[in-house]
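Below you'll find the structure, written out as structure tokens, and then a few comments.
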Amino acid sequence: MSAAAPAPPTGESGLDPDRSHHSEHGDADGHGEHAHVHDPHSPHGHAHHFESWRQQFDAGKLGMWLFLAQEVLFFSGLFCLYAVYRSLHPEVWEYADRFLSVPHGAFNTAVLLFSSLTMAWGVRCAMLGQRIGLTGCIAATLFCAALFLGVKSFEYTEKAHLHILWAGATEEPVMGGTRYDTPLVDVTDQVAEAEASSLTFAERESAALEATDVTLGKISVGCAIVALVLMVGAGLCWKLKANGWMVGLAAGVLCAIGMLVGAEGSMLLAHEMHGDHAGGEHHDGEAHDGHVETAHEMLEAESDVEIPPDGIGQFFSIYYVMTGLHAVHILAGMVVLTWLMIRAYRGDFTPDYFGPVDFVGLYWHLVDLVWIYLFPLLYLIG
Amino acid sequence: MASHAEPSPLDPHLVTGHGHDHNPIAHVMPKWMLIAVFSALLALTAATVYFASFELGNYEVLVAMSIATVKAVLVATFFMHLKYDNPLNAAILLFSLIFVGLFIGLSILDTQSYRGDVDEWRANQASEAAGD
């Protein structure tokens, strides 16, 4: 199909402002010009086994779509697990809903959608030969990716402090027929525990939030140090005229700052949502805080009576493995985006040769697509 | 675009092309279209969060998944260029989605067909445990 597509005349002249040497060939016959460029790794000519730039691009795109089809099938195994488990244990979903923060999830959705916009814009810039626009768009995409992971790190940390982990992490595994032998004993244990600790859900949550604040504070300091070191490195590389290294290190700075902003921003959002319990240390605000807390306790009192259903751990196993696999895809995307940013700044991409930008863009949109389904499935439906 | 170098008058694409948003080998997405798609995606996200605040019962999954699918179609059609691409690429995606549908649909069908037996077994186990 792509071979049959008429290859447009792809003279290399004029379209690319960054490669002035192309103009030497401006009047040359297009095919004669390509005849002496056989290096498949050279961005100056399409690989010798392709008829034209267009065929090379279409072939690469077809390959990328085949990979994306594989990715869809790969993720579908987890969506199947979700569907089967949910259809068997709908009560677990109703209960688990309260542990996932919708504002954080919605914010992350918006961040990923925006990163998809900047990526699509970057492809547009690459097609039009706008080197700086392309580099900027990739940088924005990279920053959004780090922001997403920052919010995710807050969510994971808070759950870890609430001891909400995957099945079997915090309780004895109940498997192999023993599960239904002593269900009442299990329940009374939990009730006794809850009564002994005499903590409401809101109190436990605010304690976990304070602990999360401490942990994320350390992570933020780490991110800030990494950002500073990388910034100094980028400055040195700029002095040494090592532009590739400079852009790579600048990408690292963007990632570290994005993580920091994401983690601290979601911390602020969480304090906002919980009536700022961490502010309880300030004694002048104590009376006001006490009032807010009682209101919260009254609200949470009803839900606190509820006993976690059996198999709540499995919900979080599914939650962690689905969001975790998605986060691994984000990380892989960030590595590729850094590589792309270095190449874009170097001026590798021309209106004839922008395949890598387009293909990474397709991958990035697919990662976004997976999140478009994960957000309602995990955060909203309960 | 502003950063375009002065086009060579001999360049065939710029002479016969459709103005400045032109690429020799692929379709270029107009700016307004990118922004419109992004705005629609944001609006749909707000809508799905809004609808989730109601008690819709069994329709909750249906509504959320319909909105997510509209968003997915927008991303695939415009951000992923499928509208302007070789239809083969869209066919690859559609075929993979058909197989995902078969996979999940048949798994659910299978799970539901054994559900009565499982519930019964569970009830027996619980009553035995209570009796002991």
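Here are some notes:
- In terms of distances greater than 20 angstrom between alpha carbons, the cross-link table entries A:LYS159/A:LYS218; A:LYS61/B:LYS71; B:LYS31/B:LYS83; A:LYS152/B:LYS31 yield A:LYS61/B:LYS71; A:LYS152/B:LYS31.
- Hz values of 3J(HN,Hα) by residue in the range A:96-105 - Karplus curve (6.51, -1.76, 1.60), Gly and Pro given as x: 6, 3, 5, 7, 9, 8, 5, x, 5, x
- Cβ neighbours within 10 Å from other chains - mean over A:120-130: 6
- Remark: mean inter-chain Cβ contacts per residue of A:340-353 equal 1, using a 10 Å Cβ-Cβ cutoff to other protein chain atoms.
- Averaged over the residues of B:30-37, the number of partner chain Cβ atoms lying within 10 Å of the residue Cβ comes to 2.
- Cα gyration tensor shape of the range B:37-111, rounded if a/c is under 1.5, else prolate or oblate by comparing a/b with b/c: oblate
- Summary of packing: across the peptides A:115-124, A:256-265, A:360-369, A:318-327, the per-residue average of other C-beta atoms within 10 Å ranks them, highest first, as A:115-124, A:360-369, A:256-265, A:318-327.
- Here the Karplus curve 6.51 cos²θ - 1.76 cosθ + 1.60, taken at θ = phi - 60°, turns the phi angles of the range A:84-94 into couplings of 5, 5, 5, 5, 7, 10, x, 5, 5, 5, 4 Hz, with x standing for Gly and Pro.
Laboratory data are not the source of any read-out in this text; all were calculated from the coordinates shown. As the structure is a computational prediction, the values presented were derived from the model and not from experiment. Counting neighbours? That spans all protein chains shown, and the Cβs are built from the backbone with ideal geometry, glycine included.
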